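Since the structure comes first, as structure tokens, the remarks are kept for the end.
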Amino acid sequence: MNQKRVIIFSGGSLSVDFLNEIQSNDFIIGADRGALFLIEHGLHPDISVGDFDSVTNEEKDKIRSMSGNILSCDPIDKALTDTELAFEIALKEKPTQILIIGGTGTRLDHTLANIQMLKLSLEHHTSCMIMDANNCINITNSILEVNRIGYTYVSLLPLTLEVTGITLKGFEYPLTNATLTMGHSLGISNRLIADKATVSIQDGLLLVIQSKD
């Protein structure tokens, strides 16, 4: 089966290091200031989307001229954030994976909204993760493979009130048929002991967050 990946560069915390994540056949979406970030580093988004209220008119003109396509929306009469608009476009591409870069930052409300948005990827049977310099955030409602990719810790946080039947393999602190309840910290700061580990659950939604200081 052909693998297709969409990378969204949003307007949160961005680092030039993540430009190395881009592969030649990736479909690239720039969301608001994330589009400007790409263009300022010599890249041309396949599509740029947003209200562009965080860029100047001159910068918006640059985004318009350097993007394969542009979807501009009114900053007042829109129901979705720029990142969710980009996410909806990504889903229409029917990818096997979506990677969101710049989806976290100083705005905690936007960060939490983007993390909750991962739930939509499960509904579309599409792998999706959010990455920044210190975190890689995944979600699962069944089985998730966790690869060693340079982060120190792996934490498990319920996105539903309760997650049951949790079994960990390849972790320093394994679990078998365990339950995690929202509001408790039992799943924080585990570590991998293998290059590939697995998290499996029976019921609920579970965030799997690789992180480092």
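A compact table of results
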| quantity | calculated |
| --- | --- |
| Single residue of THR111, THR104 found to be in the same structural domain as THR83 (by TED's automatic domain parsing) and in contact with a helix residue (DSSP H, G or I) (Cβ under 7 Å, 6 or more places away or on another chain) | THR104 |
| Pairs, first modelled with pLDDT under 95 in the range 198-213, second not β-branched (Val, Ile, Thr), C-beta under 8 Å, six or more apart | ASP213/ASN134 |
| Set GLY68, GLY103: member being within 13 Å of ILE29 (Cα to Cα), within 15 Å of the chain's Cα centre (by Cα) and either surrounded by fewer than 17 Cβ atoms within 10 Å (Cβ to Cβ) or touching a residue at least 12 places away in the same chain (Cβ under 8 Å) (or both) | GLY103 |
| Pick from the range 159-208, criterion among the hydroxyl-bearing types (Ser, Thr, Tyr) and in a loop (DSSP other than H, G, I, E, B), ranking: surrounded by the most Cβ atoms within 10 Å (Cβ to Cβ) | THR160 |
| Matching residues, the range 173-185, being in contact with a strand residue (DSSP E or B) (Cβ under 6 Å, 6 or more places away or on another chain) and more than 18 Å from ILE143 (Cα to Cα) | THR181, MET182 |
| Enumerated strands (runs of 3 or more DSSP E) restricted to the range 32-138, each holding at least 2 residues that are more than 20 Å from LEU157 (Cβ to Cβ) | 47-50, 70-72, 97-101 |
| Hits in the range 178-188 - residues which are in contact (Cβ under 8 Å) with a residue 24 or more places away in the chain and either touching an Asp or Glu at 6+ places or on another chain (Cβ under 6 Å) or more than 18 Å from GLN210 (Cα to Cα) (or both) | MET182 |
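So that you can scan it fast, the table gives a plain yes or no per residue for (1) surrounded by 15 or more Cβ atoms within 10 Å (Cβ to Cβ); (2) more than 17 Å from the chain's Cα centre (by Cα); (3) not assigned by TED's automatic domain parsing to the domain that holds MET66:
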| site | (1), (2), (3) |
| --- | --- |
| GLU21 | no, no, no |
| ASN25 | no, yes, no |
| ILE28 | yes, no, no |
| ALA31 | yes, no, no |
| PHE37 | yes, yes, no |
| GLY42 | no, yes, no |
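The values are calculated or read from the model by the stated rules, or taken from the named source; none is laboratory data. The shown structure was predicted, so the numbers you read here are calculated from the model rather than taken from an experiment. Counting neighbours? That spans all protein chains shown, and the Cβs are built from the backbone with ideal geometry, glycine included.
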